[in-house]
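**Student:** Below you'll find the structure I mean.
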Amino acid sequence: MARREDGTPWWTDFPEPISTATQVEPQEVFQLLRDHELPANKQRDFLLVDARRADCTGGTVRGAMNLPAHSFYPTRGTLYDLCKQAGIRRVIFYCGSSLGRGPRCAAWLQDYVDEVGGDLKSQVMVGGIRGWVKAYGGSMMDGYDEKRWRAEDR
C-alpha cells in the first residue's frame with residue numbers, strides 16, 4: 001500500500017467515496033471484449049480502466065487505459081466528459097485484486113456521475129487483474145508477460 005511521506009495512505013488526500021461500486025464478473029468483461037472484436041469498426045460503449053501504478057506490469061486487459069488511482073480523483077470530471085462525448089455508457093475499473101484502488105476509483109467516478117446527474121455506470125471487475133489471469137491466462141490481454149505471473153504464483 002502506497003503511503004505519503006508522513007505515513008498516511010495516499011487516498012486520505014481525497015474525499016471518502018459515498019457510492020459503492022457495482023461489481024462485474026470477469027466473464028462478463030471477457031464476453032464484452034469478444035463481442036466487440038469483430039467487426040473492427042464496431043463502437044465500444046464501455047471503457048476498461050487499470051488503476052494500478054508502478055505495479056502495472058505483466059500486462060493489462062485488452063484495450064484498458066492505465067489511470068493510476070493515486071492521481072485519478074482530480075481527473076474524474078475529465079474522464080466523465082470524454083466518456084460522455086465518446087458514447088461510453090459504462091466504465092469498468094480494476095487493479096491488482098480489485099479490493100482497494102479499483103473500487104475506490106469506481107466509487108469516485110460514480111459519485112461524480114451522481115453529482116452531475118449523468119447516466120454513466122461505474123463498475124469494478126471482481127478479482128482484478130490477478131483474477132483475470134487466473135481465469136484466462138494471457139487471453140484478451142495486451143503486453144502479457146507469462147514470467148511475471150509465474151513469479152507471482154510462487
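**Student:** Can you pull out the residues in segment 140-151 that are loosely packed, with under 14 Cβ neighbours inside 10 Å and either out of contact with any Ser or Thr (no Cβ under 8 Å at 6 or more places or on another chain) or assigned to a strand (DSSP E or B) (or both)? Full working, then the answer.
**Tutor:** Looking only at segment 140-151, we keep the residues that are loosely packed, with under 14 Cβ neighbours inside 10 Å, and these are 142-143, 145-148, 150-151.
Across segment 140-151, the qualifying residues are Asp142, Glu146, Lys147, Arg150, Ala151.
**Student:** Same structure, new question: Residue by residue through segment 25-84, note down the ones that are over 27 Å from Asp145 (Cβ atoms), charged (D, E, K, R) and crowded, with 19+ Cβ neighbours inside 10 Å.
**Tutor:** Within segment 25-84, Arg76 is the sole residue that qualifies.
**Student:** May I pose another question? Pairs under 8 Å by beta carbon, first residue on the phi > 0 side of the Ramachandran plot in segment 110-137, partner of a type in the set (S, T, N, Q) and in a loop (DSSP other than H, G, I, E, B), six or more apart or different chains?
**Tutor:** Taking only residues 6 or more apart or on different chains, the pairs are Gly127/Ser97; Gly127/Ser98; Gly128/Ser97; Gly128/Ser98.
**Student:** Identify, by number, the condition in (1) of a type outside the set (Ser, Thr, Tyr); (2) under 30 Å from Glu146 (Cβ atoms); (3) in a loop (DSSP other than H, G, I, E, B) that Pro15 doesn't meet.
**Tutor:** Every listed condition holds for Pro15 apart from (2).
**Student:** Are any residues in segment 40-97 in a loop (DSSP other than H, G, I, E, B), basic (Lys, Arg) and either under 10 Å from the mean Cα position of the chain (by Cα) or closer than 16 Å to Val29 by Cβ (or both), and if so, which ones? Walk me through it before giving the result.
**Tutor:** Initial filter on segment 40-97 (in a loop (DSSP other than H, G, I, E, B)): 40-45, 51-59, 62-64, 67-68, 72, 87-89, 95-97.
Next, only the ones that are basic (Lys, Arg) stay: 42, 44, 52-53, 62, 89.
Within segment 40-97, Arg44, Arg52, Arg62, Arg89 qualify.
**Student:** Within the set of pairs 6+ apart or on separate chains, which have a first residue in segment 30-59 that is under 14 Å from Tyr94 (Cα atoms) and at pLDDT below 70, a second that is hydrophobic (A, V, I, L, M, F, W, C) and part of a loop (DSSP other than H, G, I, E, B), and C-beta atoms under 9 Å apart?
**Tutor:** Asp55/Cys95
**Student:** Here's something else I'd like to know. Within segment 101-119, is there a residue that is out of contact with any strand residue (DSSP E or B) (no Cβ under 7 Å at 6 or more places or on another chain), buried (at least 21 other Cβ atoms within 10 Å of the Cβ) and aliphatic (A, V, I, L, M)?
**Tutor:** No.
**Student:** Take segment 106-137 and flag every residue that is over 15 Å from Arg89 (Cβ atoms) and part of a strand (DSSP E or B).
**Tutor:** The answer is Val124, Met125.
The values are calculated or read from the model by the stated rules, or taken from the named source; none is laboratory data. Note that the structure is a prediction, hence the values are computed from the model and not measured. Cβ sites come from the backbone with ideal geometry, for glycine too, and all protein chains shown count toward neighbours.
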